[in-house]
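Input: a single structure, listed below in structure tokens.
The values are calculated or read from the model by the stated rules, or taken from the named source; none is laboratory data. Everything quoted here is computed from the prediction, not taken from an experiment. Virtual Cβ from ideal backbone geometry, glycine too; neighbours counted across all protein chains shown.
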Amino acid sequence: MSKKYPALSPVLIKKYLTHLRETERSNHTISKYAHDLTTFLNYLNERPLTKAALIEWKSTLVASFAPATVNSMLVAVNGYLSFMGWKDLKVNLLKIQKSIFTDESRELSRDEYTRLVNAAKIQENERLALVLQTICATGIRVSELRFITAEAVHLGRAEISNKGKRRIVFLPNSLCKLLSIYLHKQGRTSGAVFTTRSGRPLDRSNIWRDMKALCQSAGVDPKKVFPHNLRHLFARTFYSVEHDLSRLADILGHSNITTTRIYTAECGYVHAQQIEKLGLIIT
């Protein structure tokens with residue numbers, strides 16, 4: 001006879017989310033797990049929590065989402081199962097053959113980045129133009145933008161605390177000058193540089209929405225326009241100049257250099273050009 005498990009419920013999900021907060025998981029991770037667990041709860045629709053139900057849900061996800069998205073949702077549910085002590089219910093993640101090339105249709109180029117910044121300036125959205133340049137010139141995560149403070153601008157470096165780690169991020173002099181001018185206009189000498197009208201630090205949704213609004217006037221495909229792509233552009237640009245993957249991992253705040261390799265991957269077109277330059281065909 002198969003073992004019976006308590007039904008998944010909003011109360012148990014809330015208990016798990018409290019555990020995530022107490023273990024200092026990021027707000028983004030907690031929000032993502034909450035969404036994925038609620039999705040699974042709705043799928044069960046009051047049915048018992050069984051291994052068969054989990055495998056069935058996994059098959060449903062595979063039919064609707066990209067493999068990486070499926071795995072991210074399974075990680076959320078597996079984390080909950082581990083927390084509850086039900087490890088025998090956990091399902092295997094999909095095995096993904098990683099491509100050594102990026103999808104050119106989703107890769108933001110330097111020229112496209114420049115057009116986005118210029119579009120923000122033309123629209124007289126100085127804050128957005130500076131947000132784009134701050135993320136792209138430092139490689140920080142959009143969630144780390146709150147650590148770019150007036151004090152950090154004065155020092156020329158910011159202390160970032162994220163995912164249980166601390167690191168120092170240096171701000172280019174040219175960026176500090178622009179941010180100092182912006183702060184002076186705002187009449188502020190302390191606190192986060194980028195805030196809402198109410199004085200709260202800008203969040204991911206604010207920035208995402210404002211970036212998407214630039215797409216048409218900048219002539220950039222909306223699929224390429226999201227904050228994390230600015231971080232990728234920084235990584236590719238840094239690596240093309242320095243060729244130091246270990247140092248780049250430190251700058252980006254990666255614990256595993258394998259993650260950094262994903263950021264420095266080039267599109268197939270660039271790789272093809274490099275192969276052509278080898279000149280190993282004898283005619």
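Identify, by number, the condition in (1) hydroxyl-bearing (Ser, Thr, Tyr); (2) within 22 Å of Pro222 (Cβ to Cβ); (3) in contact (Cβ under 8 Å) with a residue 24 or more places away in the chain that Thr114 doesn't meet.
(3)
Quick grid of which residues meet (1) out of contact with any Ser or Thr (no Cβ under 8 Å at 6 or more places or on another chain); (2) loosely packed, with under 12 Cβ neighbours inside 10 Å; (3) of a type outside the set (S, T, N, Q):
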| position | (1), (2), (3) |
| --- | --- |
| Lys4 | yes, yes, yes |
| Leu12 | yes, no, yes |
| Lys15 | yes, no, yes |
| Thr18 | yes, yes, no |
| Ser26 | no, no, no |
| Leu37 | yes, no, yes |
| Leu54 | yes, no, yes |
| Ser64 | yes, yes, no |
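Picking from Leu128, Leu81, which residue would you name as being assigned by TED's automatic domain parsing to the domain that holds Ser31 and either part of a helix (DSSP H, G or I) or at pLDDT 95 or above (or both)? Write out each step before concluding.
Working: Leu128 fails: assigned by TED's automatic domain parsing to the domain that holds Ser31.
Going through Leu128, Leu81 in turn, the sole match is Leu81.
Could you please let me know if Ala137 is modelled with pLDDT of 95 or more, in a strand (DSSP E or B) and surrounded by 14 or more Cβ atoms within 10 Å (Cβ to Cβ)?
Details: modelled with pLDDT of 95 or more: yes; in a strand (DSSP E or B): no; surrounded by 14 or more Cβ atoms within 10 Å (Cβ to Cβ): yes.
It is false that Ala137 is modelled with pLDDT of 95 or more, in a strand (DSSP E or B) and surrounded by 14 or more Cβ atoms within 10 Å (Cβ to Cβ).
Rundown of residues vs (1) surrounded by 14 or more Cβ atoms within 10 Å (Cβ to Cβ); (2) under 21 Å from Pro10 (Cβ atoms); (3) in contact with a helix residue (DSSP H, G or I) (Cβ under 8 Å, 6 or more places away or on another chain); (4) modelled with pLDDT under 95, yes/no style:
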residue	(1), (2), (3), (4)
Ser31	no, yes, no, yes
Lys51	yes, no, yes, yes
Leu74	yes, yes, yes, no
Ile96	no, no, yes, yes
Asp103	no, no, no, yes
Glu112	yes, no, yes, no
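Just one of (1) closer than 20 Å to Arg204 by Cβ; (2) without any contact (Cβ under 8 Å) to a residue 60 or more places away in the chain trips up Ser64, so point out which.
Unmet for Ser64, out of (1) closer than 20 Å to Arg204 by Cβ; (2) without any contact (Cβ under 8 Å) to a residue 60 or more places away in the chain: (1).
Tell me, please, whether a residue that is farther than 16 Å from Tyr16 by Cβ, among the small types (Gly, Ala, Ser) and in a helix (DSSP H, G or I) can be found in the stretch 30-38.
no
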